[in-house]
1. In whole Å, how far is the Cα centre of segment 199-266 from that of segment 364-420?
2. Out of 357, 456, 316, whose Cα points farthest toward the positive end of the dipole of segment 117-494 (charges: +1 Lys, Arg; -1 Asp, Glu; placed on Cβ)?
3. What does the charge dipole of segment 326-425 about its Cα centre add up to, to the nearest 20 debye, if the Cβ of each Lys and Arg holds +1 and the Cβ of each Asp and Glu holds -1?
4. What list do you get for 278, 483 if you sort them by fewest beta carbons within 10 Å?
5. Check which residues have an amide H placed less than 5 Å from residue 249's amide H, if you skip close sequence neighbours.
6. So for segment 104-257, taking the charge dipole from beta-carbon charges (+1 Lys/Arg, -1 Asp/Glu), which of 167, 148, 245 sits furthest toward the positive end?
7. Using the Cα centre as the reference, give the magnitude of the dipole from point charges on the C-beta atoms of segment 366-495 (Lys, Arg: +1; Asp, Glu: -1; all else neutral), rounded to the nearest 20 debye.
8. Taking the Cα centre of segment 435-495 as origin, sum charge times position over the Cβ atoms of Lys and Arg (+1) and Asp and Glu (-1), and report the length of that vector in debye to the nearest 20.
Amino acid sequence: MPFAVRNIGVSVLALAMAAGAHAPVLAQSSAAAEAGEADQARTIADLQRQIDELKAVVQQLQAAQVATAPAPAPAPAAAALAQHQPAPNAASPDQPMPVLAQAEPATRTAAPTRKAWYEKLTLRGYTQMRMNQIVSGDATAPAGVSRLRAIGDSGVRDNSNFSLRRVRLVVQGDVNDYVSIYLQPDFAVAVSNQTAGERREGFAQLRDAYADVFPTGDKAFRIRLGQAKVPFGWENMQSSSNRLALDRTDAINSAVPGERDVGITAYYTPPQVRKIWDRLSADGQKLFGNYGAFGLGVFNGQGTNRTETNDSVMTAALATWPFELDGLGLDGQVLELGGSAIRNRFNPELRSGGVSPVSFKDNRVGVHAILYPQPIGLQAEWNWGTGPEFDPVTGQIEQRSLDGGYVQAMGRVKQSPLGPFYPFARWQYYRGGYKGAVNAPRLETEELELGLEFLPTSALELTATYGFASRKEADERRLGRADGQILRLQAQWNY
């Protein structure tokens, strides 16, 4: 639009120059004054008519500029303006014709630009700092007797103050419409036997390294390739940054210690399920993440960051479905029900060195139910199965049955003078082997834990728990159960 107005201005200048060019002609013949005056009058009238036409065009263009976005002048107007220009003079560098000959660039659709890698990927994470204190009970014990310990946190022990439980950094993003990536290391891993058996902390370890492939172009169906979570147990799938209790329960986590393995998994989430989960997530509920309403995968079967030791694969499957309870008069409430199963053969690590040459059956089935807290909720899981377990009588690892689970009650206060907070109480129970430890020792766990999570800001979560525990230590050389009370505090900052 500004170009058209500029052309009109140039045309007016050209007309004025044309009018000036007639003046010497009118002065050349005094004898033809009367004829010259008539020609001049006709010229002036013609110029006035052209100027009036140009004014009308300018008024039309100004009106169009107000009503619509700027656009090139209409072709008819450009043609009309071109008719009023004088003939070009090659000797004069200031002639307007070269300017008028420049066509307004045609409007083009911008070609899509490729995003740089830093525009495709996001960086986020969280850190958990803990303080564990055994208030009373068996913090220490003689050789051969169990001490009060927890398989979910090695910081529960005597002579312990502060520790970093998790230091996670996540790199993720969509490479294109069909592939996304996820990479997560943990920088708070402990390694033993570095100097005469001394324990060292703060080592980095790979947790997740996978790609999601979306064959249909949308994210309802995905195929996950790499090291990722095994679809077993609602609690196992839920991120530790989202969980209310500080650690996963022994019964569920013992199925897949570390929660991950290398393999291939297919997940499918129907749109109606995704809609419910999105609503719950927007409301601030603690979900288990979009691992699909249905998941089926095959894995090595030896666990996180462990070399495969047999030719068999672990098969795992999970199904979960949220039901809206509005029809029962419980507006906004959602009850999620589901189950999972594992079929595997496992070679436990031996205290004598290496792994067992015998592959033991490692099969489980579990169920779960979650009533999201609005403001009161319940959560429960239980699983049954068979797996390797050390028998202190025979001194060998044998095939044994196992069972256990937990029940958790929780509340949610969305608003308070100090911010949102979640009170909760969890009871857990487990009887069975723990394949993640040397010689697959038997665990006997009963624990009642009372807790409160407080969120002063979205970037900071503070949790305090007080537990009444009766546990057998995860060491086949120590017998019996240790009893005691444990105070635990955690600060988690999200970034």
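1. The distance from the Cα centre of segment 199-266 to that of segment 364-420 comes to 17 Å.
2. 357
3. On the way: 8 positive and 10 negative charges, 35 e Å.
Here segment 326-425 has a charge dipole of around 160 debye.
4. Working: 278 12, 483 15.
Ranking 278, 483 by Cβ neighbours within 10 Å, fewest first, gives 278, 483.
5. Amide H to amide H, under 5 Å and 5 or more residues apart or across chains, residue 249 pairs with nothing.
6. Positive-most Cα among the choices belongs to 167.
7. Values: 13 positive and 15 negative charges, 42 e Å.
That gives a dipole near 200 debye.
8. On the way: 8 positive and 10 negative charges, 58 e Å.
In total the dipole reaches around 280 debye.
Computed from the coordinates by the stated procedures, all read-outs in this text should not be read as laboratory data. Just so we're clear, the structure is a prediction, and the values are computed from it rather than from any experiment. As a convention, Cβ positions derive from the backbone with ideal geometry for all residues, glycine included, and neighbour counts pool all protein chains shown.
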